[in-house]
Amino acid sequence: MKCSVCGNEMTASATCQVCTAKLRDESGAARQHVLVLGAGLAGLSAASRLVSAGCRVTVIESDDHVGGLAASHTLKTRWGEFDYDNGPHRFHTTDPNVKSEAMRLVGDEIVWAQRQSRIYLYGRFFHYPLQGGNVLRSLPPLVLCKAFLDYLAVKVRNIFARRPDNNFENWVVNRFGRKLYDVFFGTYTEKTWGIPCNRISADWAAQRISLLSLWDTVVKTLFKRRDGNVPRTYVSKFFYPRRGGIGRLCVRYAEEIRAAGSHVLLSTPALRVHHTDGKVTGVTVGGPGGERFMSADRVISTIPCTLLARLLTPTAPAEVIHAVDSLKHRSMIFVYMVLNRPTVTPDHWIYLPEQTLTTHRLSEFKNFSPDAAPVDKTLLCAEITCDYEDAEWRLSDAELQAIVVKDMGRLGLIKESDILQTFSRRERYAYPIYDLEYRTHRDRLLAHITSIDGLLSTGRQGLFKYNNMDHSIGMGLAAADNLLGTGKDHAGVAAGQEYYG
Ligand SMILES: Cc1cc2nc3c(=O)[nH]c(=O)nc-3n(C[C@H](O)[C@H](O)[C@H](O)COP(=O)(O)OP(=O)(O)OC[C@H]3O[C@@H](n4cnc5c(N)ncnc54)[C@H](O)[C@@H]3O)c2cc1C
């Protein structure tokens, strides 16, 4: 008999001699083997819950580290150590279960940060969330007047001939008027998504608009909500691991899972997901030991659902593959710069909506935790959105540095002579693109995946959802509960029109 975890030829023993997987519990009953694809927050939270319920779990991760989008790394240099994330990652949740999960994992190693972020417009920095007085004082008066008149105009027009909220542009203009749309929403959104705003779903506006909304922010700043709920943007205090970045959450999850005798296999990509007679049977994985088949009673997948559909064996029907081809992701380049400066900004991050700047956001990890960098040095991260394998994706570190230095020069933040080292990382599946047809394609794809018994796709990538870390943890936990029979709906997490910014 072969071990279903590592493929080793086993003797009569109930425990594999190579990977020590236990095939039977104390009573001698065979334990369910669950394969979890992806060691990001969704996969690891699901695995952790299943392990504590007594399941035999193996997590398969293609990267050589855990964490996915919420991974962190430490750069060791002769100047000291620098912790860094994939862009700024601020953890916040309103779900008490998710909060206690995070506290259990890293509660004894956190620092509390007082959020500070700004937005750069018209050659000036504005506090973000915006402060009414600061906005009124700093915005050019002509822009303010035009914005106000356009706002009134659209309110009047809405009474007689309201445009339908059928795309991002209409959604925003209906609420804020044309001038605010042009200045704050249209340019940044096209820069981030790489497609015209009238091709973007209004869903994205509903969930993310406060990110750039001057008007909305001023209104919310002046008029506190009666229900007492503070929108995520206004949460000023958040916790962050003192060392190791936000990725400590996943590192701690993996430690717990391994300590309980289950497995987190790195550098092990899922290559094929097998199903027979409508039921999942296992996964062929690659990795250092070569290709091997791992059987499974259940598979929880948190890898991109578009990728999962392509791995299905036998292959998915043509209309599902069409849906997969139609769903797109926006990719991201993170350009990191080690600087010979104790600090550059007081901010956790700065939004850069102007089209003339290639960088769209800048972050400084030392402001998340003072121990993230040596006292006299700092590390900045500039984010550049692009399409997978386009001209920007292929730029060298030297070319990226030149672009970012030019941008930062315009902001008056750094000089080339400050830079000690530049390097970059790339993330292919950074943002799911909510274009006008995405819902139809996503639903078709997920319906096919759901039709395969024992296969469950969840998490940000698994559900093609633009959600946050806490949502991914919530989805992973709910998926595990669902599988354990408590009937929770993992697809219901972050399903509403709540604000995610
Ligand atoms: C730039 C940026 C900034 C963000 N900032 C914040 C923030 O401030 N606050 C916040 O709450 N959220 C933030 N988020 C969102 C947050 O990072 C994600 O919602 C969350 O980390 C997603 O976790 P996940 O497990 O669902 O997906 P992922 O982290 O993407 O995990 C999927 C995993 O599957 C693995 N995988 C892929 N293919 C295979 C394969 N074939 N075989 C095996 N494994 C595979 C991947 O390597 C990855 O580890 C940000 C996201 C980005 C991109």
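Where a number appears in this text, it was derived from the coordinates with a stated rule and is not lab data. None of these values were measured; they are calculated from a predicted model. As a convention, Cβ positions derive from the backbone with ideal geometry for all residues, glycine included, and neighbour counts pool all protein chains shown.
In degrees from 0 to 90, rounded to the nearest 10, what is the angle of the helix 141-161 Cα long axis to the longest principal axis of the chain?
Computed tilt is about 70 degrees.
Would you calculate the separation in nanometres between label points at A318 and R243, each defined as 7 Å from the Cα along the Cα-to-beta-carbon direction?
Each label point is offset 7 Å from its Cα along the Cβ direction, giving 5.9 nm.
Provide the packing ranking of 354-366, 412-424, i.e. peptides ordered by the mean count of other C-beta atoms within 10 Å per residue, highest first.
354-366, 412-424
In terms of modelled amide H atoms, which long-range or inter-chain residues lie less than 5 Å from the amide H of V59?
V36, H263, V264, L265
Among the aspartates and glutamates, select those whose C-alpha is under 12 Å from the C-alpha of K415, and discard any that sit fewer than 8 residues away in the same chain.
D407
Straight-line reach from K377: which aspartates and glutamates have a Cα under 19 Å away, not including same-chain ones fewer than 8 places off?
E81, D83, D85, D347, E364, E416, D418
Once the mean 1/r over all distinct Cα pairs of segment 52-191 is inverted, what Kirkwood radius in angstroms do you read off?
Evaluated on segment 52-191, it is 20.3 Å.
Given Cα pairs under 8 Å that are at least 6 residues apart, what percent is the relative contact order of the chain?
22 percent
In the calculated pair distance distribution of the chain, what percentage of Cα-Cα distances lie above 40 Å?
Within the chain, distances greater than 40 Å cover 25 percent of Cα pairs.
For K328, enumerate residues with amide H under 5 Å from its amide H, sequence gap 5+ or separate chain, H modeled in the peptide plane.
For K328, whose amide H was placed from the backbone, the distant partners under 5 Å are I433.
Compute the acute angle (0 to 90°) between the alpha-carbon long axis of helix 438-450 and the principal axis of greatest extent of the alpha-carbon atoms of the chain; round to the nearest 10°.
Approximately 10 degrees, to the nearest ten.
If you stretched the chain out fully between R341 and E437, how much longer would it get, using 0.36 nm times the residue separation minus the C-alpha to C-alpha distance?
The R341-E437 span can extend by a further 29.9 nm.
Take the Cα of R310, step 7 Å along the line toward its Cβ, and report every residue of segment 265-279 whose backbone nitrogen sits under 16 Å from that point.
Those under the cut-off are 269-273.
Evaluate the distance, in nm, between pseudo-label points positioned 7 Å from the Cα of L136 and of L152 along their respective Cα→Cβ axes.
Spacing of the two 7 Å Cα→Cβ label points: 1.7 nm.
Taking the simple approach of a point 7 Å from Cα along Cα-to-Cβ for both F160 and H73, what is their distance in nm?
In this crude spin-label approximation the distance works out to 5.8 nm.
I'd like the distance separating the alpha-carbon centroids of segment 402-479 and segment 306-355, in whole Å.
Result: 4 Å between the Cα centres.
Just to confirm the number: angle between the C-alpha axis of helix 248-259 and the first principal axis of the chain, 0 to 90 degrees, nearest 10?
With both axes taken from Cα atoms, the answer is about 10 degrees.
What does the extension gain come out to for E255 and K406, with contour length at 0.36 nm per residue minus their alpha carbon separation? Before the final figure, lay out each step's value.
Details: separation 151, 0.36 × 151 = 54.36 nm, distance 4.22 nm.
That works out to 50.1 nm of additional length.
Could you list which residues have their amide H under 5 Å from that of L121, counting only those 5 or more apart in sequence or on another chain, with H placed in the peptide plane?
Under 5 Å from the amide H of L121: F126.
Here is the link list: K155/K465; K191/K465; K76/K406; K99/K328; K76/K366. Which ones come out longer than 22 Å on Cα distance?
On the way: K155/K465 32 Å; K191/K465 20 Å; K76/K406 27 Å; K99/K328 32 Å; K76/K366 15 Å.
Table pairs above 22 Å Cα-Cα are K155/K465; K76/K406; K99/K328.
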